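In what follows, a single structure is set out as structure tokens and then discussed.
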Amino acid sequence: MGRFIVRRLALMVIALWVVVTVTFFLAHMIPGGPFDREKPVPEAIKKNLEEKYHLNEPMWKQYILYLNDIIHGDLGPSFKYPDRTVNDIIKESFPVSAQLGFWAVLIATFVGISLGSISALHQGGLIDSFSMFFAILFISLPSFVIAPIFQYIFGVKLHWLPVANWGSWEHMILPALSLALGPTAVIARLTRASMLEVLSNDYVKAAKARGLSGLRVLIVYALKNALIPVVTYLFPLIAAIFTGSFVVEKIFNIPGLGRYYVTSIYNRDYTVILGVTVFYAAFLILMNLLADITYALLDPRIRYE
Amino acid sequence: MKKFRVFLTLLLVFGLIFGMFVGCGEQKQEQSQGQEQKAEMVLRYNLGTEPETLDPAKATGVPEMTVMLHTFDGLTRLDRDGKPQPAVAESWEVKDNGKTYIFHLRKDVKWSDGQPVTAHDFEFAWKRALSPEIASEYAYQLYYIKNGEKYNTGEITDPNEVGVKALDDYTLQVELEQPAPYFLSLVAFPTLYPLPEHVLKAHPEWPKGIDKDPSLYVTNGPFVLAEWSHHDKLVLKKNPNYFDKDKVKLDKLVFYMVEDANTAVQMFENGEVDMIDNIPTAQIDQWKGKPEFHIDPILGTYYILVNVGSDKTMGGEKNPLQDVRVRKAIAMAINRSVITDKILKAGQQPAYAFVPPGIPDAEPGTDFRQVGGNYFSEDVQKAKELLAEAGYPDGKGFPKLIYLYNTSEGHKKIGEAIQSMLKENLGIEMELQNQEWKVYLQSRNEGQFDLARAGWLGDYVDPMTFLDMFVSTSGNNDTGWSNPQYDELIEKAKYETDNAKRVQYMHEAEKILMEDMPIIPLYFYTNPRLVKTYVKNYAAISLGWVDFKEAYIQK
């Protein structure tokens, strides 16, 4: 196991280098630059700006400079926000996205697994049809539809919760729910399907035959094995949700990381594009590693040697 | 089973770590509740986006301007009509036919840390903005100053040759390259604000770090920075050291950075914000007639750029747009009231000239636009005749044109309206092409279009901010059009000290622009806003920003 982890971490470094290289050249290939404005800046001023940020150097030299910086943990300055560094931006905005994402994943996991299990136990029953109907509905409805509806109902009409912004737990409820709905539905369906499979296994039948209660069979015997597909889904989900959603953060005006994936490209803010991409890639690879370790913990048949 | 427990333990640890994040969030909440208990007068305004920087030398946009307008005072300050009024300077003398200005500064102006604001702080700030290392985008606003451009471009390296000098603590002498009639307005802008030399000497990276320590943002305006949480909110509080503090009624100004226009409207309805700009077009009808709905003026023109510089159209055929009759035919065949009344709906006016209303003419009380009048009118019959004269009767043989716009629902609707009007009225086929903003800018700059939508908002209240963009050498002139007569009139107007003559030159220049028609004006912008009825006495300046210095709340 230890060797497995070390090897995976070494592979991660290589993967990240590939990500940096590809992103670097792709970003610089987009037409337009960070200092293009509707009111073009005079040539002399543009020259000052490019010198300041080394954009006048040949591409390979910029690439070497960047690699050198990133090895030392410096993701560089932002072009769009000249008084902030990319490290600052990630440090400030990731905790916000992660906090929101934590609640969203918690809701999705808890509600999804419960709904899925109950549906499996009552396969074909009213609860099953009901929860699977909503699962389909929420998988199909994108968050940019759900979020404004939530804002309108709970904010404008009922005045229960603030429409947008960040700061208190009340501000967190609507965005966390908007983020959680889709994954909840996916988890519910995954749990239901694998639970049905597990429930038909002999050891479960044996447990039932021993006269154990349905709930006990479910939690103690069936759930653990039924969760493996959910774990497969859960860790990449954590990577995606903890690093922020552009749509939900924009609609609820949340100062998270999600916006930067899109706005940095609009702004041709090369260092931010690279910084957030590398950060996301590293986080995703780590989560996949965690997922693999968790499989081994959950399923004794899986061994990494 | 044991391994399952390990998994559960991991999950728990995970939960605890993030519980800590949540803990932080709750603490913040308690603080803000505590602050609300005092009966403070707070006004909340949606800036619409995160300010890129609060360094007056580096800032370029309206959101940055809006914040710094409240934290700084320049030599002058614009009043609600956009006219410069004394601020840090209590009086000034103009010498050498407008080439030298002597500003006499008030002696009671203090920085927010209690130090006096002196003429040296202006000299320091202007030289800093011009220094190549700062790489200020708006440094060209200081090119009017003697040797300003040379120092900025590295032609000279000694900052002492730049024409700004503190004669003593309270007298500032400014020498200009050429007389600039709007110089007194220019000194009201951020690039020409003073900066606290004593603070910047100690913190050369200033304003880096003001988000963590707002007291580092030492300023001299009606408000000072209290909190800046990026992409969330920026809070200003009343400056007790402000020289004119008796006029400031608000205790606190909160700027939100809500980018989503629908969200902003919902927040307004829910009472979470007192004033917003940028109402989605689809919602304008529902607000019209309500007391919260305001249409504030803004100096801006929406127009079509015509590519007259290229011999070939985008489709590779001979470019018919090089014929002025074709350009005029297109201009006359567009029904502008359909665009303003059916698509935009927020009181925009059809434009039959380039310079928007709201700029004073030579005679006091008159408007440049009214004096100049309209330069053409809509006339489909005449348009058809012109097109036939140019050799395309009923659009026969006319090549397909590409209409370029930057991706946005609003621009698309306008493009589609023009598309159908040209087809119906003139038989001209037009294809719409949208591009992402910076790609669009590049295409425009490289002349990769036949027709392109464009918009221009004034930088200062003078026709020159519109007219000088179409001289042959201007980086803004993407049409390929050039007219030496036009260039000469603009040049003359720039250096004319007699205002009546100067304005006359600009009228003549605009006439040439509209006769040659390398651009086709469509409408003059407005600035629709939603403002709670209890917000009083704010000043909406026609350059796009709002001054809350003397605003107050009356519930």
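The values are calculated or read from the model by the stated rules, or taken from the named source; none is laboratory data. Note that the coordinates shown come from a computational prediction; the quantities given were computed from them, not determined experimentally. With ideal geometry, Cβ positions are generated from the backbone for all residues, glycine too; neighbour counts draw on all protein chains shown. Ligands, DNA and RNA are stripped out before the accessible areas are found, and what is left, the full protein with its side chains, is counted by its heavy atoms. Shrake-Rupley method; radii C 1.70, N 1.55, O 1.52, S 1.80 Å.
Give the range B:330-365 a look and list any residue that's part of a loop (DSSP other than H, G, I, E, B), without any contact (Cβ under 8 Å) to a residue 24 or more places away in the chain and either over 26 Å from B:Ala500 (Cβ atoms) or open to solvent by less than 50 Å² (accessible area, probe 1.4 Å) (or both), or say none.
Result: no residue meets the conditions.
Residue by residue through the range B:227-239, note down the ones that are assigned to a loop (DSSP other than H, G, I, E, B) and at pLDDT below 95.
If the condition is that a residue be assigned to a loop (DSSP other than H, G, I, E, B) and at pLDDT below 95, then B:His230, B:His231, B:Asp232 are the ones that fit.
Please verify whether B:Asn152 is at positive phi and either modelled with pLDDT of 90 or more or more than 14 Å from chain A (Cβ to nearest Cβ) (or both), treating the condition exactly as stated.
No.
Sort out which residues of the range A:79-113 are outside any helix (DSSP H, G or I) and within 9 Å of chain B (Cβ to nearest Cβ), and write them in order of number.
A:Lys80, A:Tyr81, A:Pro82, A:Asp83, A:Arg84, A:Thr85
So which residues in the range B:307-324 are out of contact with any Phe, Trp or Tyr (no Cβ under 8 Å at 6 or more places or on another chain), more than 13 Å from B:Phe398 (Cα to Cα) and in contact (Cβ under 8 Å) with a residue 24 or more places away in the chain, if there are any at all?
Residues satisfying the conditions are B:Ser310, B:Val324.
Say whether the condition of being modelled with pLDDT of 90 or more, open to solvent by less than 10 Å² (accessible area, probe 1.4 Å) and under 25 Å from B:Trp206 (Cα atoms) is met by at least one residue in the range B:41-52.
yes
Can you tell me which residue within the range B:195-250, out of those that are acidic (Asp, Glu) and either within 27 Å of the chain's Cα centre (by Cα) or open to solvent by less than 30 Å² (accessible area, probe 1.4 Å) (or both), is nearest to B:Lys549 (Cα to Cα)?
So, considering only residues that are acidic (Asp, Glu) and either within 27 Å of the chain's Cα centre (by Cα) or open to solvent by less than 30 Å² (accessible area, probe 1.4 Å) (or both), the one nearest to B:Lys549 (Cα to Cα) is B:Asp244.
Considering each residue of the range B:201-226, count those that are under 19 Å from B:Gly74 (Cα atoms) and in a strand (DSSP E or B), and give that number.
Count: 3.
Filter the range A:114-144 down to residues that are small (Gly, Ala, Ser) and outside any helix (DSSP H, G or I) and give me whichever is least open to solvent (accessible area, probe 1.4 Å).
Ranking the candidates gives A:Gly125 first.
To keep it simple, each residue is scored yes or no on (1) surrounded by fewer than 18 Cβ atoms within 10 Å (Cβ to Cβ); (2) modelled with pLDDT under 90.
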{"position": "A:Glu43", "(1), (2)": "yes, yes"}
{"position": "A:Asn48", "(1), (2)": "no, yes"}
{"position": "A:Tyr66", "(1), (2)": "no, no"}
{"position": "A:Lys80", "(1), (2)": "no, no"}
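Since B:Gln381 meets every condition but one in (1) free of Cβ contacts under 8 Å to residues at least 60 places away in the same chain; (2) assigned to a loop (DSSP other than H, G, I, E, B), which condition does it not meet?
Here B:Gln381 clears every test but (2).
For residues that are touching a residue at least 40 places away in the same chain (Cβ under 8 Å), under 30 Å from B:Tyr45 (Cβ atoms) and either part of a strand (DSSP E or B) or out of contact with any helix residue (DSSP H, G or I) (no Cβ under 9 Å at 6 or more places or on another chain) (or both), tally how many sit in the range B:485-536.
Number of matching residues: 13.
Per-residue answers, yes or no, for (1) in a helix (DSSP H, G or I); (2) at pLDDT below 85:
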| site | (1), (2) |
| --- | --- |
| A:Ser194 | yes, no |
| A:Glu197 | yes, no |
| A:Lys208 | yes, yes |
| A:Val217 | yes, yes |
| A:Val247 | yes, no |
| A:Tyr261 | yes, no |
| A:Ile273 | yes, no |
| A:Thr277 | yes, no |
| A:Pro300 | no, yes |
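Keeping to the range A:223-269, report how many residues are over 14 Å from the mean Cα position of the chain (by Cα), open to solvent by 20 Å² or more (accessible area, probe 1.4 Å) and under 27 Å from A:Arg37 (Cα atoms).
So the count comes out to 6.
Residues being buried (at least 16 other Cβ atoms within 10 Å of the Cβ) and over 16 Å from B:Lys58 (Cβ atoms): count how many of those fall in the range A:50-64.
Number satisfying all stated conditions: 3.
May I ask you to list the residues in the range B:83-106 that are modelled with pLDDT of 95 or more, aliphatic (A, V, I, L, M) and open to solvent by 10 Å² or more (accessible area, probe 1.4 Å)?
B:Ile102
Would you check if B:Val326 is surrounded by fewer than 16 Cβ atoms within 10 Å (Cβ to Cβ) and either of a type in the set (Asp, Glu) or in the same structural domain as B:Val461 (by TED's automatic domain parsing) (or both)?
No, not satisfied.
For B:Asp73, state whether it is open to solvent by less than 20 Å² (accessible area, probe 1.4 Å) and of a type in the set (D, E, K, R).
yes
Of all the residues that make up the range B:463-484, how many are in a loop (DSSP other than H, G, I, E, B) and either under 22 Å from the mean Cα position of the chain (by Cα) or more than 12 Å from chain A (Cβ to nearest Cβ) (or both)?
13
Which ones in the range A:148-164 are facing another protein chain (nearest Cβ under 7 Å) and surrounded by fewer than 21 Cβ atoms within 10 Å (Cβ to Cβ)?
A:Pro148, A:Tyr152, A:Val156, A:His159
Select from the range A:23-35 the residues that are within 14 Å of chain B (Cβ to nearest Cβ) and not aliphatic (A, V, I, L, M) and write down the one among them that is most open to solvent (accessible area, probe 1.4 Å).
Per the criteria, the residue is A:Pro31.
Name every residue in the range B:419-446 that is more than 14 Å from chain A (Cβ to nearest Cβ) and touching a residue at least 60 places away in the same chain (Cβ under 8 Å), in order of residue number.
Answer for the range B:419-446, where residues must be more than 14 Å from chain A (Cβ to nearest Cβ) and touching a residue at least 60 places away in the same chain (Cβ under 8 Å): B:Met421, B:Leu422, B:Asn425, B:Leu426, B:Ile428.
If I filter the range A:82-97 down to residues being of a type in the set (A, V, I, L, M) and crowded, with 22+ Cβ neighbours inside 10 Å, which single residue comes out as farthest from the chain's Cα centre (by Cα)?
A:Val86
Just wondering, is there one or more residues in the range B:61-83 that are of a type outside the set (Lys, Arg) and closer than 21 Å to A:Glu50 by Cβ?
yes
Since B:Ala135 meets every condition but one in (1) outside any loop (DSSP other than H, G, I, E, B); (2) closer than 24 Å to A:Glu50 by Cα; (3) within 14 Å of chain A (Cβ to nearest Cβ), which condition does it not meet?
With (1) outside any loop (DSSP other than H, G, I, E, B); (2) closer than 24 Å to A:Glu50 by Cα; (3) within 14 Å of chain A (Cβ to nearest Cβ) applied to B:Ala135, the lone miss is (1).
Return yes or no: is B:Asn278 out of contact with any Lys or Arg (no Cβ under 6 Å at 6 or more places or on another chain), within 14 Å of chain A (Cβ to nearest Cβ) and on the phi > 0 side of the Ramachandran plot?
yes
Just to be sure before I move on: is A:Glu38 part of a helix (DSSP H, G or I), at the interface with chain B (Cβ under 9 Å from one of its Cβ atoms), of a type outside the set (Val, Ile, Thr) and free of Cβ contacts under 8 Å to residues at least 40 places away in the same chain in the structure I sent?
no
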